[in-house]
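Here's the structure we're looking at; comments come further down.
The values are calculated or read from the model by the stated rules, or taken from the named source; none is laboratory data. On a predicted model such as this, the values are computed, not experimentally measured, just so you know. All Cβ positions, even for glycine, are placed from backbone atoms using ideal geometry, and neighbour counts span all protein chains on display. All accessible areas refer to the heavy atoms of the entire protein, side chains included, with ligands and DNA or RNA removed. Shrake-Rupley method; radii C 1.70, N 1.55, O 1.52, S 1.80 Å.
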Amino acid sequence: QVQLVESGGGLVQPGGSLRLSCAASGSIFSINAMGWYRQAPGKQRELVAGITSGGGTNYADSVKDRFTVSRDNAKNTVYLQLNSLKPDDTAVYYCNADILAAGWARYMNYWGRGTQVTVSS
């Protein structure tokens with residue numbers, strides 16, 4: 001059974017920083033793209049940042065130059081460094097990954113349960 005588990009959320013003041021982690025576990029053969037989405041109350045879930053297996057990255061315009069996505073393929077883990085946080089960044093942050101599980105013939109898309117990030121003074 002493949003799982004994605006996020007950690008690192010919390011309450012931070014405007015201008016502060018957080019680092020989110022998402023570890024994939026289970027019978028994993030290979031992981032392709034990984035990424036982070038977020039969903040604020042009353043809004044649709046949106047892509048924040050993505051990273052390919054080769055390290056290529058893409059970001060939402062609203063977080064460029066403030067957030068950095070990275071991954072450790074040996075640990076099946078993706079990270080999101082959040083700097084210069086704003087109240088508008090308040091949301092539940094979800095990890096997402098395309099994973100080929102052992103014994104499966106194709107990649108499947110998985111979601112974590114989310115971690116709350118609250119930016120407030």
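For beta carbons closer than 9 Å, sequence separation of 6+ or different chains, a first residue in region 58-75 that is without any contact (Cβ under 8 Å) to a residue 24 or more places away in the chain and a second that is part of a loop (DSSP other than H, G, I, E, B) and aromatic (Phe, Trp, Tyr), there are no qualifying pairs.
Close Cβ contacts (under 9 Å, 6 or more residues apart or on different chains) running from residues in region 107-121 that are without any contact (Cβ under 8 Å) to a residue 24 or more places away in the chain to residues that are of a type outside the set (Phe, Trp, Tyr) comprise Asn109/Asn96; Asn109/Ala97; Asn109/Asp98; Asn109/Ile99. When Ser84 is tested against (1) out of contact with any Gly (no Cβ under 8 Å at 6 or more places or on another chain); (2) of a type outside the set (A, V, I, L, M); (3) assigned to a loop (DSSP other than H, G, I, E, B), only condition (1) is not met. Taken together, the criteria exclude Lys64 from residues that are touching a Pro at 6+ places or on another chain (Cβ under 7 Å) and either polar (S, T, N, Q) or within 24 Å of Val119 (Cα to Cα) (or both).
So that you can scan it fast, the table gives a plain yes or no per residue for (1) within 19 Å of Ala24 (Cβ to Cβ); (2) of a type in the set (Gly, Ala, Ser); (3) surrounded by 13 or more Cβ atoms within 10 Å (Cβ to Cβ):
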{"residue": "Lys43", "(1), (2), (3)": "no, no, no"}
{"residue": "Ile51", "(1), (2), (3)": "yes, no, yes"}
{"residue": "Asp61", "(1), (2), (3)": "no, no, no"}
{"residue": "Val69", "(1), (2), (3)": "yes, no, yes"}
{"residue": "Asn83", "(1), (2), (3)": "no, no, yes"}
{"residue": "Asp88", "(1), (2), (3)": "no, no, no"}
{"residue": "Ala101", "(1), (2), (3)": "yes, yes, yes"}
{"residue": "Tyr107", "(1), (2), (3)": "yes, no, yes"}
{"residue": "Ser120", "(1), (2), (3)": "no, yes, no"}
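I need the full set of residues from region 1-40 which are closer than 16 Å to Lys86 by Cβ, in a loop (DSSP other than H, G, I, E, B) and either open to solvent by 80 Å² or more (accessible area, probe 1.4 Å) or of a type in the set (Val, Ile, Thr) (or both), in order please. Matches in region 1-40: Gln13 only.
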